[in-house]
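Starting off with a structure, shown below.
Quick note: the coordinates plus some simple rules give every number you see, no bench work behind them. Everything quoted here is computed from the prediction, not taken from an experiment. Cβ coordinates were reconstructed from backbone atoms using ideal geometry, including for glycine residues, and neighbour counts include every protein chain displayed.
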Amino acid sequence: MIFADALHASLSALKALKTIRPQIDDAAALILDTLRHDKKLLICGNGGSAAEASHFATELVGRYQKTRASLPAISLSSDGSLLSCIGNDFGFEQVFARQIAGLARPGDLVVAISSSGNSPNILAALHEAKTLGLSSLALLGRGGGAAAPLATCALTIPSESGAACQEAHLFLIHYFCELIDSVHA
C-alpha cells in the first residue's frame, strides 16, 4: 500500500466514526460509570490490539494529559508469565477469560479490542464477562465479527483495513481519556 492509500484508509476510518457516534457516547457512559463507582476496567487484545490495551491501562493508572488520581485498569495482555501459564495449561483461547474469572468483581467492565472481532480468546473473554454478569465494551473492526453481539456495547469501526481500525481504536481510547480527565480530579 502506498502512502496516499494508507492515509486515505486511515482518514476514512476516522471520518466514519461520526456514523457510530451514539455507540461512542454509550461506550463513554459505560466507562465513566464504571470508574465513577470505583470499579475497574479489564482490557484485552491480541497483537497490535494488545498494545492498545496496555496503552489504555497506562493512561488510566498513570496519567493522560493531566495529573489526577490513579484509576483502576488492568491490561490482561501484558503479563507474559501469566499468559504463557494459562496458554500452556488451559489453551490460548482461555488467556483472557481465565484472568477475568480470577480478577473481576461485580461492576467491573471488560474492554475487548479486536480489529477482526473473531479471535477465539476475545470471544471467550466476552462470554466470561456475560457469565459473570459484567458489562463489556468491544472495540472492533471489519464488520464486528462474532464479538459484536456478545458485547454490552460494540464499537465497530466502519472499515475493512485492520490498520485503519486500530488507528481509530487509538483515537477512541484517547477520546475516552479526555473525557475521563475532564471528570476526575
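Take L7 and S81, extend 7 Å from each Cα along the Cα→Cβ direction, and tell me the distance between the two endpoints in nm.
About 4.7 nm separates the two model spin labels.
Ok, one more. Multiply the residue gap between L132 and A101 by 0.36 nm, knock off their C-alpha separation, and tell me the result in nm, one decimal place. Walk me through the intermediate numbers first.
Working: separation 31, 0.36 × 31 = 11.16 nm, distance 0.78 nm.
Roughly 10.4 nm would be gained on extension.
How would you order 71-80, 13-22, 137-146 from highest to lowest mean count of nearby Cβ atoms within 10 Å? Write down the numbers at each step before the final one.
Values: 71-80: 19.5, 13-22: 13.6, 137-146: 23.0.
In decreasing order of mean packing, 71-80, 13-22, 137-146 become 137-146, 71-80, 13-22.
Return a single number: how many Lys pairs in the chain, at a sequence separation of 8 or more or on separate chains, have alpha-carbon atoms below 30 angstrom apart.
9
Sticking with this one: Multiply the residue gap between A146 and A163 by 0.36 nm, knock off their C-alpha separation, and tell me the result in nm, one decimal place. All intermediate terms of the calculation are to be shown ahead of the outcome.
Numbers: separation 17, 0.36 × 17 = 6.12 nm, distance 1.93 nm.
Result for the pair: 4.2 nm of gain on full extension.
Just need the relative contact order of the chain here, percent rounded to a whole number, with Cα pairs under 8 Å and 6+ apart. It would help to have the intermediate numbers written out before the result.
Numbers: 348 pairs, mean separation 45.5, N = 185.
Across the chain, relative contact order equals 25 percent.
Using a Förster radius of 30 Å, what is the FRET efficiency between K15 and T67 based on their Cβ-Cβ separation? Nearest 0.05, please. Intermediate values should be presented prior to the final figure.
Numbers: r = 33 Å, r/R0 = 1.09.
FRET efficiency, K15 to T67: 0.35.
List the GluC sites (Glu not before Pro) within the stretch 92-185 that fall in a DSSP loop (any state other than H, G, I, E or B) and whose Cβ has at most 13 other Cβ atoms within 10 Å. Could the numbers behind the result be given before it?
Numbers: sites: E93, E128, E160, E167, E178; in loops: E160.
Here the sparse-neighbourhood loop sites are E160.
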